[in-house]
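All remarks here apply to the structure that follows.
The values are calculated or read from the model by the stated rules, or taken from the named source; none is laboratory data. All figures in this text were calculated on a predicted structure; none of them were measured in a lab. Don't worry about glycine lacking a Cβ; one is built from the backbone with ideal geometry, like all the others, and counts go over all protein chains shown. SASA here: full protein model, heavy atoms, side chains in, ligands and nucleic acids out. Shrake-Rupley method; radii C 1.70, N 1.55, O 1.52, S 1.80 Å.
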Amino acid sequence: MRKLYPVFITLLLFISAGTFYFFYPKENYSHRDSFIVAKSEKENEEEENDEYDGPEQAATLEFEKTKDPALGYVPYNRLLDAMKYTEQLKQNALGRLTRTTTVVNWQERGPIFDSVGPSGNNRAGNSYTSGRMAAVLVDTLNDPTGNTVFVGGIAGGIWKCTNFLSTIPNWQSINDFFSNLAVSYICQDPSNPSVMYFSTGEATSNADAVLGAGVWKSTNAGTTWTQLPSTTNYIRCWKILCDATGYVYLATRTTLTPALNTSGLLRSTNGGTSWTNITPTLVGTATATATCTDIELSSTGKLYASFGYSTGAATSVRAYVTTSPATVTQSAGWTLGTGIRVSNLGATRLELACLADTVYGITATANPVSPSTVPVNIADSCYKSVDGGITWVKTNTVIMPTGIGNGQSWYDLTLSVNPSNSHELMAGGLDAYRSTNDGATWVRTTFWVTTAPYVHADHHFQMWWNSGGQNKMIIGNDGGIFYSTNGGTSWVDKNRNLGLKQFYAGYIHPGFGSPYLLAGAQDNGVHAIRTPGKTYSHEVYGGDGCFVHINQQDPNIQYGSYVYNVYRRSINGGATWSSVTHAADTGMFVNPFDYDDFTNTMYSSYATDRILRWPNANTSNTNNKLTMSGVGNASCFKVSPHGTNRLFFGTTGGKL
């Protein structure tokens, strides 16, 4: 007989940022003990080969899930309305359940830290992870101790803690409404520390992804935030900064929607009420060249800005400087830096860092100078200017380490300079690297797997400052926030209590009232949650975690998935796991599947007009392919709960 209760529960589960919400009856149930996951030597070798993250492919999945089929693209202007509607549905559902029964109790579920084990990412030092972030603000203007810190999740909203220097930070979400906003940067007004801004929209994603909803402002030191009506079209923002006079500068990237064709560098002199485009005219009007990827304000009053962006093809990468940011216009007040290679040689991105009039820049390659075999989107050149960005000199004569960029500098590239030593730099991509000789040579300083010091991969934010006699650094990356008090020699995570993991999918255990959940997290593996409430999770297998399943008839049978058609399987309730590879490069990067619990048959996307069928998946590693004409690529699956061997699937072409 079919168990209807688990199906009902599944329909009432939804995911918001790193949190699951669903209800339990109020009865108390015993919980299983924490489990131990054993991993063989072979599986350890497999994990070393399993790379984390495919940002471009992940963004493509988001696009396919959220586009309007009639338009063929995501209607960005509907994002805020959708967020408001979602909040309304939450309240309506809660109200209906409260009126119809007295035993319903909604609980927020999800990991606020994670346990490490031999099956997950081998983190030296047993650090915790949270989720992807690119925005950090240490509020020393209101709290000189450095304990008050804000972070913004790429898809997890704004969080605040007031004891950052403690072992366990007391992170709290500012407002759950922001939980699906991509927060790209946070800044503060030096002339009025109660005023803060955060920009939204992950500008590094593929051009079609659902991203931001403009700029939000707080006038009470981050307690409440309001969307600036003047910014609703600025849905892909690289960075936002505020100068000593309170003027705001916003670096943006254009969209593909003509009505939202705003790109370049913008300035507001009235607290965000209105904006002026101050993109230098010489940059040009093409998307690749007009995109402003980085801005830096120096202690000498200069504004440095880099322009030009591409995910692969060569573009015109240029560095500009103005000594009068408050009054500069598109046609007057800018100086184009000389010495940084531009369109004739080709680059994809330019990242900046400054200390007064000393400025550094790192370019990611499209057409490498030497050697010619260097892949696209590897950081290959470091430049330095000592005259405030007017003239630049290349400082490295050998190619930079591949870990700075790792082939995806379009996605993760950071740079900072030691505020006490203008010759010392830190650059990040896959890992962080240090240079003590102006960028001529680099040494790896963080390790995302196995070796200490552990800092998660894919760096998006880097901050370096001196305070209280300590040389402090913060890195924000796909695993959360990491902190150093000795200039990056050693690191600790500050991820406890941050519910920021980005889950592609989750599944509920069929046991009545069981707290057990299985979920796949972007760049953070497959996780099991065994205790109720906001709690810890266990990374049962490393690599990207994607779709998951728990057999509702026999919950001893469980599945996680890595990318494409690579799966994780447990047949003993999650106690041990193995990896099954059908095809490492077929299907989608985040590959959808569904499972027939009665026949133990899995169905997944495989190729155009083809579906992968995995019969007896609990005991066999053999698959076959179903071929149909005119179907295209299957993008979602649902096994019917009303009969065996009945499968529904949708396609990327909009067919069911």
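Let's see how each residue does on (1) part of a strand (DSSP E or B); (2) in contact with a helix residue (DSSP H, G or I) (Cβ under 8 Å, 6 or more places away or on another chain); (3) of a type in the set (Ser, Thr, Tyr):
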position	(1), (2), (3)
589	no, yes, no
594	yes, no, no
603	yes, no, yes
617	no, no, no
620	no, no, yes
636	yes, no, no
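Of the strands (runs of 3 or more DSSP E) that lie entirely inside segment 436-492, those containing 2 or more residues that are open to solvent by less than 40 Å² (accessible area, probe 1.4 Å) and touching a His at 6+ places or on another chain (Cβ under 9 Å) span 470-477, 480-484. Scanning segment 239-264 for residues that are touching a Ser or Thr at 6+ places or on another chain (Cβ under 9 Å), at pLDDT below 95 and not in a loop (DSSP other than H, G, I, E, B) returns 252, 260, 264. Filter segment 341-373 down to residues that are out of contact with any Ser or Thr (no Cβ under 6 Å at 6 or more places or on another chain), more than 16 Å from residue 425 (Cβ to Cβ) and of a type in the set (Val, Ile, Thr) and give me whichever is modelled with the highest pLDDT. Among those residues, the one meeting the criterion is 365.
Of all residues in segment 229-238, how many are open to solvent by less than 20 Å² (accessible area, probe 1.4 Å) and either assigned to a loop (DSSP other than H, G, I, E, B) or out of contact with any Ser or Thr (no Cβ under 6 Å at 6 or more places or on another chain) (or both)?
So in segment 229-238, the residues open to solvent by less than 20 Å² (accessible area, probe 1.4 Å) come out as 231, 235-237.
If we keep only those that are either assigned to a loop (DSSP other than H, G, I, E, B) or out of contact with any Ser or Thr (no Cβ under 6 Å at 6 or more places or on another chain) (or both) too, we end up with 231, 235-236.
Residues meeting the conditions: 3.
In segment 53-83, the residue that is modelled with the highest pLDDT out of those that are over 17 Å from residue 235 (Cα atoms) and among the charged types (D, E, K, R) is 68.
The number of residues in segment 151-168 being over 15 Å from the mean Cα position of the chain (by Cα) and over 19 Å from residue 221 (Cα atoms) comes to 4. Might you check whether a residue that is within 21 Å of residue 130 (Cα to Cα), open to solvent by less than 10 Å² (accessible area, probe 1.4 Å) and modelled with pLDDT of 90 or more occurs anywhere in segment 396-409? No, segment 396-409 contains no residue that is within 21 Å of residue 130 (Cα to Cα), open to solvent by less than 10 Å² (accessible area, probe 1.4 Å) and modelled with pLDDT of 90 or more.
Can you name the residue in segment 622-634 that is in a loop (DSSP other than H, G, I, E, B) and among the β-branched types (Val, Ile, Thr) and, of all such residues, is most open to solvent (accessible area, probe 1.4 Å)?
Looking only at segment 622-634, we keep the residues that are in a loop (DSSP other than H, G, I, E, B), and these are 622-623, 628-633.
Subsequent filtering for residues that are among the β-branched types (Val, Ile, Thr) retains 622, 631.
On the way: 622: 94, 631: 31 Å².
Among residues in segment 622-634 that are in a loop (DSSP other than H, G, I, E, B) and among the β-branched types (Val, Ile, Thr), the one most open to solvent (accessible area, probe 1.4 Å) is 622.
Can you pull out the residues in segment 162-213 that are at pLDDT below 90, within 17 Å of residue 224 (Cβ to Cβ) and part of a loop (DSSP other than H, G, I, E, B)?
Step one: list which residues in segment 162-213 are at pLDDT below 90, which gives 175-182, 201-213.
From what's left, within 17 Å of residue 224 (Cβ to Cβ): 175-179, 181, 213.
Listed by number, the residues that qualify are 175, 181, 213.
A Cβ distance below 8 Å, combined with a sequence gap of six or more or placement on separate chains, defines the contacts here; from segment 614-633, residues that are within 18 Å of residue 598 (Cα to Cα) reach residues that are open to solvent by 60 Å² or more (accessible area, probe 1.4 Å) and of a type in the set (A, V, I, L, M, F, W, C) in the pairs 618/571; 619/571.
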